[in-house]
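Notes follow once the structure below has been shown.
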Amino acid sequence: MKRPVKATLPALILGFAAVTTAMSADLPPYRRADLPVAQRVADLLARMTLAEKIDQLTQRGLDDSNPNNVVRRATELRPTYGSFMTAGNLAVRNALQREALTQTRLGIPIIFGADVIHGYRTIFPIPLAEACAWDPDLLRRADHAAAEEARADGVDWTFAPMVDHCVDPRWGRIAETFGESPYAASVCAAAAVTGFQEGPDGIAACLKHYVGYGASEGGRDYSSTEIAPQRLWEMHLPPFAAGIQAGALTVMSAFNDLNGVPASANAYTLTEVLRHRWGFSGLVVSDWGAVEQLIRQGYAADEADAARKALLAGVDLDMADGVYREHLAALVASGSVPAEAVDEAVRRILRVKFDRGLFERPLVEPSALTGAAPTPAHLELAEEFAVRSMVLLKNSGVLPLAADVRRVALIGPLADDRADLMGSWFQQGRAEEVTSIAAGLRDRLPVGTSLEVAPGCALDGGGREGFDAAVALARASDVVVLCLGESAGMSGENASRSSLRLPGRQLELGLAVAAAGKPLVLVVVSGRPVELGALEPKAAAILAAWQPGTRGGAAVADLLTGRRNPSGRLAVTWPRSAGQIPLYHNMRPRARGGTYGEYQDIPTTPQYEFGHGLSYTTFVYGPIRMSQTTVAPGGTLTAEVTVTNPGARAGRETVLWYIRDPVARITRPLRELKHFESAELAPGASRVFRFAIEPERDLSYPDADGHRILEPGEIILFAGPETAEFRVAQ
Ligand code: BGC
């Protein structure tokens, strides 16, 4: 017999007050914040019926966009679900929560999740751009700001960070990745998890999409993936491991079929690796409908089979498709799913709810941030991040714009665009709150400098009607700033492209404008590297602005006018054409000389290498100095390099430390990033950058089953243009 719900429950729902410890002794153990979480979970689980347990394993989508429907919706939905997806309406969220607390027997709070990917109301640069800043602390602060805003609207949990590994820019979701280095992505994963989760206004983070989704064949979203186990361990799994080490409370199982076993029913990755080897104790949520999709993928015969396979493999919470809710009871009754498997999934979900304090603070009190426009502090952070994430790809000296520039022609479909600067997953971001490039430049150009704007053509499709006006404007200018690229909808989920070319008439427009003969500054706004083709040699300067978010236009203006000095570096290789894909810095060496291998029809080098990025000053590297030339397992070798800024203006340099293991039992990549550090250098200043090398951490590598190998032998170390060698002793 289950015990009836205690009379103390109403105390929880009357207001926002937390349950005080003074009341503790009267409460059932699961309601007592003074008891260990494991005890509370065990107590609650013991009180639950099978139906109540299955409710906990179900997450439902929710359209809470209409505030007038609050009460009706809350009543209609009878929220016996463990979790809802929400965003943007605190009243709806709290109304549903009240229903859960008062209308269900045990009053288990709902956990509300949302996709807070690169900002909530204040939009930060897309993750790919964020990685180009090489500043985990900045990422942490931005994600925390996003968490604060989201939390104020009642979000308990974000489906971020995405830490998928991808070397195919055709895949629209490359925009959401932290680039092609598993090490850099691992550092970003940890920073993002900390940023989202830390502090009383933090929200639970979710590492996604576990695992291999970024290898979708041909860059086509939702496609199957063939990932050699060696590659899975080297490239795809490390950022998940790092995020879990940083304390991520949740993980999302991916859509992709992974070598014949879909990721959302893959016991090896979900149970053997995640639970047994990494000791992950939080919850695994399926991606949207991923359980039901096992049928389409040919892995499950019907919904019941899909529910059984996903649950037994290790998916705890079923997002959106309702398959667990529909079938688990019968599966348990027939013995196809052991009751203990259901209990274990419920345990993991409850643990997260307890951990987030949902039992103590089920309702979210409105605050100054609820439904509010971005605060000045968040806008400042957004501008800083946008400035820092942009990469100056090329500069013949036209930038920063000279003081005698009097007439600036701002051309291109993205010149005065706002919505597209936010990129995909812009949550509650509003176009009217975005600073366009035109607005940013108007604000930042010196008094007396004119700025005229002509779109020239549409972002996609359309004709050449605008060309003449754009070219005439270019002719009448001292300098042309040409803003080309992609719309927000051309990257992100299910937004893959077969080519990386500038869409529509943009390349044509660019060439026509370039023919006007004025210095041409190309600003590329995009969710991926794009093919620059014949325009590249014609541009005097090129700035990769990515999709820079709410303050993107101000950041572009900061950099073009020289108020700020560019410091972003590519976290992804920028190919010349889609035909080169995959092209990435950490590939294995080829059989014959040369790094990349030959094509007959195009140069085979990337357009811009991973790590590339210019500054308005220069940096000079001294030789790498090492504390010793041999390091033994368990020891440490410290490498140092002195970097000097001989220029007349301050600049930020990021030192990227790579290793190469030239002879190994399993061949190693040409270069593997192992450490990075970024710092501001005043004019004339020097700084010592350091890498304390620990062999087990920095020089070992996994085999095809994840077991680490550390071999004696030579290692080559790279920092900037410098190299050095040392040995790992027996
Ligand atoms: C996406 C996830 C997202 C989820 C919930 C899915 O379609 O793949 O990244 O978190 O929807 O919106």
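The values are calculated or read from the model by the stated rules, or taken from the named source; none is laboratory data. Because the structure is a prediction, the values reported are computed rather than measured. Here the Cβ is made from the backbone with ideal geometry for all residues, glycine too, and neighbour counts use every protein chain on show. Accessible surface is based on the protein model in full, side chains and every heavy atom, while ligands, DNA and RNA are left aside. Shrake-Rupley method; radii C 1.70, N 1.55, O 1.52, S 1.80 Å.
Structure above, values below:
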| quantity | calculated |
| --- | --- |
| Solvent exposure, largest accessible area first (probe 1.4 Å, DNA, RNA and ligands not counted), of 686, 223 | 686, 223 |
| ³J(HN,Hα) computed for each position of the range 618-629 - Karplus, 6.51 cos²θ - 1.76 cosθ + 1.60, integer Hz, glycine/proline x | 10, 10, 10, 9, x, x, 6, 10, 10, 5, 7, 9 |
| Dipole magnitude of the chain, debye to nearest 20 (Cβ charges: Lys/Arg +1, Asp/Glu -1, about Cα centre) | 540 |
| Per residue accessible area in Å² of the chain, where ligands, DNA and RNA are left out and the probe is 1.4 Å | 35 |
| Residues with amide H under 5 Å from that of residue 500, placed H, sequence gap 5 or more | 531, 578 |
| Accessible surface of the chain [probe 1.4 Å, protein heavy atoms]: carbon and sulfur percent | 52 |
| For the range 377-439: relative contact order, % (alpha-carbon pairs under 8 angstrom, 6 or more apart) | 26 |
| Charge dipole magnitude, Cβ of K and R +1, D and E -1 - the range 550-629, Cα centre, debye nearest 20 | 240 |
| For residue 638, distant residues with modelled amide H under 5 Å away | 627, 628, 693 |
| Most to least packed among 627-638, 192-203, 172-183 [average Cβ atoms within 10 Å] | 172-183, 192-203, 627-638 |
| Nitroxide proxy distance, nm - points 7 Å out along Cα→Cβ at residue 679 and residue 472 | 5.5 |
| Lysine pair count for the chain [Cα-Cα under 28 Å; pairs on different chains or 8 or more apart] | 15 |
| Interchain or long-range residues, amide H under 5 Å from residue 253's placed H | 210, 285, 286, 287 |
| Pairwise centroid distance, computed over Cα atoms, of the range 706-730 with the range 123-196, Å | 30 |
| Relative packing of 98-110, 571-583, which averages over residues the other C-beta atoms within 10 Å, highest first | 571-583, 98-110 |
| For the range 448-554, the spread of Cα positions along each principal axis, largest first, Å | 42, 30, 24 |
| Virtual spin-label span in nm between residue 368 and residue 697, 7 Å along Cα→Cβ | 3.9 |
| Probe 1.4 Å, all protein chains present, accessible-area order of 272, 130, largest first | 272, 130 |
| Residue 628/residue 340 FRET efficiency (R0 60 Å; Cβ-Cβ; nearest 0.05) | 0.65 |
| Residues listed by number, the range 625-644, amide nitrogen under 14 Å from residue 730 label point at 7 Å toward C-beta | 632-633 |
| Listed peptides 359-372, 248-261 by packing density, highest first (mean Cβ within 10 Å) | 248-261, 359-372 |
| FRET efficiency estimate (nearest 0.05) - Cβ-Cβ, residue 330 to residue 667, R0 45 angstrom | 0.35 |
| Solvent exposure, largest accessible area first (probe 1.4 Å, DNA, RNA and ligands not counted), of 621, 299, 213 | 299, 621, 213 |
| Projected label distance in nm at residue 201 and residue 360, using a 7 Å step from Cα toward the beta-carbon | 1.9 |
| Net lengthening on full extension, residue 499/residue 690 (0.36 nm per residue, minus Cα-Cα) | 64.7 nm |
| Potential lengthening between residue 714 and residue 43 on full extension [0.36 nm per residue; Cα-Cα distance subtracted] | 235.9 nm |
